[in-house]
1. Search the stretch 1-24 for residues that are charged (D, E, K, R) and pair each with any residue that is in a loop (DSSP other than H, G, I, E, B) and at pLDDT 80 or above when their beta-carbon atoms are under 6 Å apart and the residues are at least 6 apart or on different chains.
2. At pLDDT 95 or above and not acidic (Asp, Glu): is that true of PRO11 in this structure?
Amino acid sequence: MLSQDRGWFDPAQPGGGIPKPYAYLSEVFLPKLRDSGVDAPAIAMLTRDNPFRTCAR
């Protein structure tokens, strides 16, 4: 299961830094996985199946 805590706030920067979107996984990481040869079923497992199994009761 993928997780992300990347956001706009950077405590190392004055005033928290420049706001950044919470879109890193979908806009950067997943395309890199696809480009490196990870197939659609594996990506579906990471983004849909595993979260469902983890959170569903």
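The values are calculated or read from the model by the stated rules, or taken from the named source; none is laboratory data. Computed from a predicted structure; not experimentally measured. Because the Cβ atoms are built from the backbone with ideal geometry, glycine has one as well, and the counts that use them run over all protein chains shown.
1. ASP10/GLY17
2. Values: at pLDDT 95 or above: no; not acidic (Asp, Glu): yes.
In short, no.
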